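Structure provided below as structure tokens; questions to follow.
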């Protein structure tokens with residue numbers, strides 16, 4: 001499901017003068033402009049994405065490439081790989097480094113002058129990273145606000161039945177403080193939700209295998225039906241609510257309410273704007289994390305350890321990116337993840353011992 005990993009050799013620079021930057025898969029000829037040659041010094045505005053291609057790409061970057069790692073870290077890793085290849089070095093890279101390099105290659109597939117723009121130019125690397133960062137921040141903010149508001153429409157029937165309405169702009173009474181959001185957020189492995197489970201989650205006394213519950217204990221909302229311990233892949237990431245949220249982010253708000261082409265709007269959605277024709281691991285994790293946050297009682301979406309959506313995102317990325325042969329390996333989730341994420345991800349991966357590879 002992940003983006004195709006392009007071998008380092010495809011970015012191997014051809015011999016050139018010391019001042020020349022190596023080219024990407026598409027070469028730049030003398031006089032050809034790179035993306036950085038586009039005017040990017042104008043005041044930031046709603047039109048800035050049209051004048052700054054990297055800012056425009058940043059909106060797609062956060063949704064389909066990387067939510068957590070800073071763009072500058074990714075750019076540095078890409079440049080380092082090219083330099084290592086040029087110097088015929090073959091160091092053993094870590095899992096986070098491989099993930100960052102894959103992200104760099106994904107960026108390069110959208111703007112084929114990326115390497116030309118940043119190679120050997122620290123100032124340009126900072127400039128490109130900031131533009132991507134700005135675009136990513138704007139997209140995440142837009143999606144968070146839309147999701148927080150619309151998730152209440154999607155669970156309206158439950159809210160009406162419980163006679164406990166929620167306000168679209170108030171988050172404090174969501175999460176496990178409200179039965180309808182708690183029912184969706186409660187870890188699926190706890191079994192059928194009930195008020196006793198909700199109370200244990202509110203007080204922090206709920207436990208799984210004698211340990212406290214964390215955001216990496218996957219919530220019920222990612223399953224299309226009841227979680228089945230003996231068939232943990234059954235309905236995984238197929239709940240209609242998740243599909244609706246995915247359509248809203250990548251197609252359109254109108255499309256989120258329909259399952260046929262009749263619900264398409266007249267404006268191009270995010271997928272069409274960036275030539276996206278298939279679903280990938282990062283986009284699934286992103287939508288799931290946004291949905292997780294919209295149900296929670298957190299007021300703002302931050303990338304620190306206090307935001308459970310981030311740990312949840314990471315656990316999905318690790319899970320979807322782990323080959324079947326490594327699902328029960330103790331080291332399968334190592335490399336840069338928080339201790340909690342590693343332990344929890346391994347907990348979920350262990351459930352797949354008897355799952356068929358075709359289901360992943």
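The values are calculated or read from the model by the stated rules, or taken from the named source; none is laboratory data. It should be emphasised that the depicted structure is a prediction, and the values quoted were computed from it without experimental measurement. Quick reminder, even Gly has a Cβ in these numbers, built from the backbone with ideal geometry, and neighbours come from all protein chains shown.
Here are 245, 256: which of them is under 24 Å from residue 161 (Cβ atoms), within 23 Å of the chain's Cα centre (by Cα) and at pLDDT below 90?
Working: 245 fails: at pLDDT below 90.
256 is the lone residue from the list that is under 24 Å from residue 161 (Cβ atoms), within 23 Å of the chain's Cα centre (by Cα) and at pLDDT below 90.
Another question about this same structure. Quick check on residue 99: is it under 19 Å from residue 63 (Cα atoms), within 16 Å of the chain's Cα centre (by Cα) and assigned to a helix (DSSP H, G or I)?
yes
Among 181, 144, which is outside the structural domain of residue 299 (by TED's automatic domain parsing) and either in contact with a helix residue (DSSP H, G or I) (Cβ under 9 Å, 6 or more places away or on another chain) or surrounded by fewer than 17 Cβ atoms within 10 Å (Cβ to Cβ) (or both)?
From the options 181, 144, the qualifying one is 144.
Select, from 191, 265, the only residue that is more than 26 Å from the chain's Cα centre (by Cα) and either at pLDDT below 90 or under 23 Å from residue 178 (Cα atoms) (or both).
191
In addition: Condition (residue is touching a residue at least 12 places away in the same chain (Cβ under 8 Å), assigned by TED's automatic domain parsing to the domain that holds residue 301, farther than 22 Å from residue 245 by Cα and touching a helix residue (DSSP H, G or I) at 6+ places or on another chain (Cβ under 9 Å)) applied to the stretch 156-164: is it met by at least one residue?
yes
Can you name the residue in the stretch 49-74 that is part of a helix (DSSP H, G or I) and over 18 Å from the mean Cα position of the chain (by Cα) and, of all such residues, is surrounded by the fewest Cβ atoms within 10 Å (Cβ to Cβ)?
Among those that are part of a helix (DSSP H, G or I) and over 18 Å from the mean Cα position of the chain (by Cα), it is 50.
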